[in-house]
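The values are calculated or read from the model by the stated rules, or taken from the named source; none is laboratory data. Since the model is a prediction, treat every value here as computed from it, not as a measurement. FYI the Cβ positions are ideal-geometry reconstructions off the backbone, even for glycines, and counts take in every protein chain you see.
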Amino acid sequence: MMEAQDILKKILLKWRVYRFMEIAFLALSFAMIAYLLSVSLVIALSAFVVAGLIGALYCQPWNYSLTDICSHLDASLRVLENSASLLLQPEEELTLLAKIQQSKIAQTLKSNKKSIYIKNRVGLGALITLCCSGLVMFCYFNGALENPKTQIPQTTQKDDIVITALDTATVAIVPPKINKQVIIIDYPEYTNKKRLVTSDMNIKALEGSTVKWRIDYNQKIKASWLQFGTDNVSMSKKNMSYVALRNAENSSFYNLKFLDTLKNRYISDLYALEVYKDEAPSINIRGLQPFTSFDFAEPQLLEFTAHVKDDFGLTEVAIIATVSKGTGESVKFREERLSFDNFFKKASTSSLLKKKLDLRTLKMEPGDELYFYVEATDIKSPKPNSTRTETFFSVIRDTVKDGFEVEGTMGADLMPDYFRSQRQLIIDTEKLIADESKLEKKEYNFKSNELGFDQKALRLKYGKFMGDETEEPVAPTTNTMADTDFEDPLASYSHKHDSDNEHNLVAEEEHDHEHDHEESQDQEEDPLEAYVHNHEDPEASTLFAQSLKSKLKQAMAEMWDAELYLRLFEPEKSLPYQYKALKLIQEIKNSARIYVHRIGFDPPPIKESKRLSGELGEVKSSSKQADLEKEFPYIFMNRAIERLELLRTTKVSLQPTDREIFQKAGEELALLAIKEPSKYLNTLQGLKLLSEAQNSNEEDLKAIQKGLVQALPNLSAEPVKGDSYSSRLNELMLDALENNE
């Protein structure tokens, strides 16, 4: 029983859909007819809505019920025995005979459900709509859908096309005239700009637009076309008008040309077709510095805003970020595309976007660098414009190490590997201070003393590197500070050195130094002593410059004080000295860089026998002479000026070669006229008439020649050999001066 009721519900839904489709096709047909009559989308849309509402109110498909379906089934299917309505009644309310009949009708409906037919006029409505659509398309392509009220503006006197006859008529004729002209500019679809309709022949259109000319003449003509330089665009005849289409790609000048029924030629003035490009998006970043650095402990946040604008709309704005990890050859890069925090609406012409960038979310560590820029793309099709900002830098300062690089042709790396151990001492000292509450006093003092020994070993290593070869490496001690009682805790850690061995070495060195000083007084002073690199002197045996030696000595002095407080079990007082030592070491590393010298001319070796001899017999000076000719960019304009002068003075007629010269001169002048049309347009118009006409008067030739001369650029003066005037008196005076020298 439930299955039979489901069949009835599906039939009811199908019936309603048919009725709504019939109403929709009918309303659409009325809308197309209204558009054909009015050529207005607003009127067509209104007709569609009104016709749809009238049809819906008349048919009222929503009032159809299951009872209507049962009545329709009883009338169309005799096998149901006019009992389809029993399927809608509850089974408990029926008598036994009615229940039997209900079950029988349910089975019959199931077996005959495919033969149920709902009468409709959907096919007829679709056919009518298709015919109306074909009629609209036919009228559109034949130019019959142009609204004379909105798309054909009234031609003013300013927009009138001036026509000039190129041929002299043998009989009196009435030349054709232009009743009206309509220029329709269809902008690219992505701009969403409405169609522009004008009567002005000077056109300004966006690159990629389609320009349509429609010219109506007052009488029949034989042919008509548009001339764009040497490119001719034929105009096709539609009804009583001549139509031409052209895609706006480059700026140029054009004119209208046509033939009447007697094959007389006519030409119009020149008009400008100015094509402007779709501008790229502009991005203005606020609240962000070009370079930003952060300490690892502080918040690492970059917060800025980006004001993005475009003339027709934006399609995407994103942040292109690149994270750099590592140094040297082990550097790795990871690029990510980030979006802004607030919502970006596509196709919007202006957006103010905000971004709060946390470097921790990019998994950056100390020493890592971030490079990012903002990129915007507009909706231009098929190839969009794209703009990107300058690159912004952000870095998390690395306090662990300051890498050393060997550059150029440096033969040896002067910096030893153990330069990094001072930083490790700082880390161990900070850890010891942090764990003071967790350690017993004995263990705490032991670790502090061990750090003091490590500081001493590092200091002695730096001393050896400085050329101090009198100090021996210190072997690790196994005695703990906790098991030893010191009577004078400062006695062993002052500048008297740490052990008897060191003290003896120093004393011996001082004795030798005094002995050498006494001997040096008896010897004569060596004049080359200041310029000789004495390797016996430990102060001069280092590879460092004097400024680096002083810094390294200062660093070793800081190590002395750092070691002192470590041995006194006061590591917190030792830290400042360790940091000072580390800073000095890093400055030494950064200053010890060698760069490759610029490679230049390597002259041949000078023979010592010829050196300072003053002989110049084999010395020859070299000279090179070359004639550099710069190609003149306005050759045909120059030739046209010469030819115009000849035409004016000799009164000869125009030749076919003259027309070719004037035509090419017009092409050269058109490049200048595009930039300054008001200055060169009249001259360009005159050249156009000369290249088409058979003769011309002297006044026109003079005006065109003057315009071409003014259009030629001023050539810069080139140095030439001048002819100086020399008299006999000047020559005698010069001879007298030479003799009296």
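Key figures for this structure:
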| item | result |
| --- | --- |
| Sole residue being polar (S, T, N, Q) and modelled with pLDDT under 90, chosen from Ser330, Ser394 | Ser330 |
| Filter pass, Phe228 being among the hydrophobic types (A, V, I, L, M, F, W, C), closer than 18 Å to Thr164 by Cβ, out of contact with any Gly (no Cβ under 6 Å at 6 or more places or on another chain) and outside the structural domain of Leu353 (by TED's automatic domain parsing) | no |
| Test set (1) under 14 Å from Gln710 (Cα atoms); (2) in contact with a Leu (Cβ under 6 Å, 6 or more places away or on another chain) - Asn682 fails condition number | (2) |
| Tyr266 being farther than 25 Å from Ile674 by Cα, among the aromatic types (Phe, Trp, Tyr), buried (at least 18 other Cβ atoms within 10 Å of the Cβ) and not assigned by TED's automatic domain parsing to the domain that holds Pro382 | no |
| Of residues in segment 204-246 being part of a strand (DSSP E or B) and touching a Ser or Thr at 6+ places or on another chain (Cβ under 6 Å), the one surrounded by the fewest Cβ atoms within 10 Å (Cβ to Cβ) | Lys222 |
| Of all residues in segment 595-637 being modelled with pLDDT of 75 or more and under 30 Å from Val709 (Cα atoms), the one that is surrounded by the most Cβ atoms within 10 Å (Cβ to Cβ) | Met637 |
| Odd one out for Lys651 among (1) surrounded by 10 or more Cβ atoms within 10 Å (Cβ to Cβ); (2) within 25 Å of Leu166 (Cβ to Cβ); (3) modelled with pLDDT under 75 | (1) |
| Complete set of residues in segment 288-306 that are in contact with a strand residue (DSSP E or B) (Cβ under 9 Å, 6 or more places away or on another chain), without any contact (Cβ under 8 Å) to a residue 60 or more places away in the chain and more than 17 Å from Leu370 (Cα to Cα) | Thr305 |
| Number of the condition not met by Phe569 [criteria: (1) closer than 19 Å to Lys431 by Cα; (2) part of a helix (DSSP H, G or I)] | (2) |
| Strands (runs of 3 or more DSSP E) enclosed by segment 291-394 - at least 3 residues per element that are under 20 Å from Tyr190 (Cα atoms) and within 18 Å of the chain's Cα centre (by Cα) | 314-325, 369-378 |
